[in-house]
Amino acid sequence: MKLLLTGGTGFIGSHTAVVLSQAGHELVLLDNFSNSKQAVLGRLETILGHALPFVQADVRDTAKVTQALQTHGIQAVVHFAGLKAVGESVAQPLNYFANNLQGTLSLLQAMQAAQVHQLVFSSSATVYGEPQYLPLDEQHPTSATNPYGRTKLHIEEMLHDLSASNPAWRIACLRYFNPVGAHDSGLIGEDPNGIPNNLMPFVVQVAAGIRPALQVFGNDYDTPDGTGVRDYIHVMDLAQGHLAALHFLNAQTGWHAINLGTGQGYSVLEMVKAFEAASGKPVAFNIVPRRPGDVASCYAKVDKAQALLNWQASRGLPQMCEDAWRAQQRNMPSTT
Ligand code: WQD
């Protein structure tokens with residue numbers, strides 16, 4: 001298929017581009033580099049052996065997105081472009097509404113104009129709010145506990161209304177848990193600008209000597225070791241989930257919400273230990289007060305993805321850590 005990937009040079013987008021291209025799909029990447037680097041395009045060319053057509057644009061430029069869809073004969077869109085830091089969204093809600101809501105609306109208007117009705121949307125487990133039970137299945141009530149999560153929830157709801165209005169739409173909302181790791185070449189990986197918000201990139205930078213110590217946000221949660229438990233999923237497993245979702249939509253219309261996780265939770269301290277084993281480097285940490293908005297535990301029920309997509313994650317925590325470490329070493333050698 002001819003596919004457009006918005007946010008295609010980002011962490012999830014670039015890894016999904018590798019998987020979709022190697023599966024034989026023809027891709028066009030679209031990005032404004034607001035949270036990624038142009039160098040990713042060259043690295044993708046090295047991995048794939050050929051360049052991918054690229055459009056530098058903001059998804060809010062409806063005319064440019066419409067032109068890209070029509071010029072390239074796009075048949076389906078995978079929509080990654082958006083801001084995704086919870087803490088930042090609390091400080092800058094308007095920026096998140098503008099980028100995520102306005103951007104998605106613009107994309108949908110462009111798709112409508114170009115008569116493209118197949119969409120895989122990058123959603124998030126944050127739409128479940130505070131877990132009322134675990135593991136989280138797709139029937140769990142949804143709610144927003146921060147502006148970022150609210151944008152993901154509102155977009156899912158807009159897509160549901162769109163699907164109900166026109167049976168031509170084929171939509172999969174993929175609810176990511178905690179994506180980590182990197183392509184095994186180490187050429188692409190998670191490369192956040194500034195101080196990492198998320199656990200894995202921060203741990204990587206402590207192991208590399210870039211940061212002195214990890215701050216563990218609370219060890220008084222109702223979890224086995226008191227630190228937060230999350231469902232970490234290898235980004236390559238996540239990418240393969242998108243390939244499976246596209247195949248599913250080729251045969252299925254309507255709106256579908258599907259968890260992409262492993263079903264296994266690991267605590268902060270378990271992640272630290274696994275990373276020390278994978279990197280051979282110590283990861284110093286200090287226990288500090290809880291981070292506002294954090295929940296104790298969050299991990300997925302993964303039956304629906306298995307049943308609908310015939311997909312399940314296959315890479316374990318050691319590989320997530322080894323691959324993340326290799327990418328760090330390949331791109332930014334440690335100072336220790
Ligand atoms: C994981 C655990 C922290 C940093 C995030 C995004 C969410 C979604 C998934 C996209 C928690 C602890 C973290 C640190 C720590 N992304 N932690 N010290 O909050 O589960 O969700 O990724 O959809 O939008 O918010 O991930 O990596 O920030 O935290 O102790 O320096 O690590 O308390 O228990 P989170 P995270």
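Highest-first packing order for the peptide set 203-212, 67-76 is 203-212, 67-76, based on the mean count of other beta carbon atoms within 10 Å. Considering only 32, 116, 95, the residue lying farthest towards the positive end of the dipole of segment 1-142 is 32, judged by Cα position with unit charges set on Cβ. Under 19 Å of direct C-alpha separation, and excluding same-chain neighbours fewer than eight residues apart, residue 273 reaches these aspartates and glutamates: 220, 225, 231, 322, 323.
Under 16 Å of direct C-alpha separation, and excluding same-chain neighbours fewer than eight residues apart, residue 2 reaches these aspartates and glutamates: 26.
In terms of distances greater than 27 angstrom between alpha carbons, the cross-link table entries 37/301; 64/152; 37/152 yield 37/301. GNM on the chain, alpha-carbon springs under 10 angstrom: the most fluctuating residue among 184, 303, 222 is 222. Among 310, 249, 262, flag the residue with its Cα farthest along the positive direction of the charge dipole of segment 228-336, charges on Cβ as +1 for Lys/Arg and -1 for Asp/Glu. Value computed over the given set: 262. Expressed as a whole percent, the accessible area of segment 16-109 that falls on carbon and sulfur atoms is 51 (1.4 Å probe). The residues of segment 203-250 present an accessible area of 32 Å² per residue when probed at 1.4 Å with all protein chains retained. Working from label points 7 Å from Cα in the Cα-to-Cβ sense, the residue 252 to residue 314 distance is 2.0 nm. Charging the Cβ of each Asp and Glu at -1 and of each Lys and Arg at +1, and nothing else, the dipole of the chain about its Cα centre rounds to 440 debye.
Each peptide in 158-166, 317-325 was scored by the mean count of other Cβ atoms within 10 Å over its residues; highest first, the order is 317-325, 158-166.
Element breakdown for segment 226-336 at a 1.4 angstrom probe: carbon and sulfur atoms account for 51% of the accessible area.
The Cα center of segment 1-63 and the Cα center of segment 154-185 differ in position by 18 Å. Its alpha carbons considered, the chain gives a radius of gyration followed by a Dmax of 19.1, 58 Å.
Computed on the chain, with alpha-carbon pairs under 8 angstrom and 6+ residues apart, the relative contact order is 19 percent. Between the helical axis of 103-113 and the longest alpha-carbon principal axis of the chain there is an angle of about 30 degrees. Computed from the C-beta positions of residue 92 and residue 220 and an R0 of 35 Å, the FRET efficiency is 0.75 to the nearest 0.05.
The values are calculated or read from the model by the stated rules, or taken from the named source; none is laboratory data. Small disclaimer: the values here were computed from a predicted structure and weren't measured. Cβ coordinates were reconstructed from backbone atoms using ideal geometry, including for glycine residues, and neighbour counts include every protein chain displayed. Ligands, DNA and RNA are stripped out before the accessible areas are found, and what is left, the full protein with its side chains, is counted by its heavy atoms. Shrake-Rupley method; radii C 1.70, N 1.55, O 1.52, S 1.80 Å.
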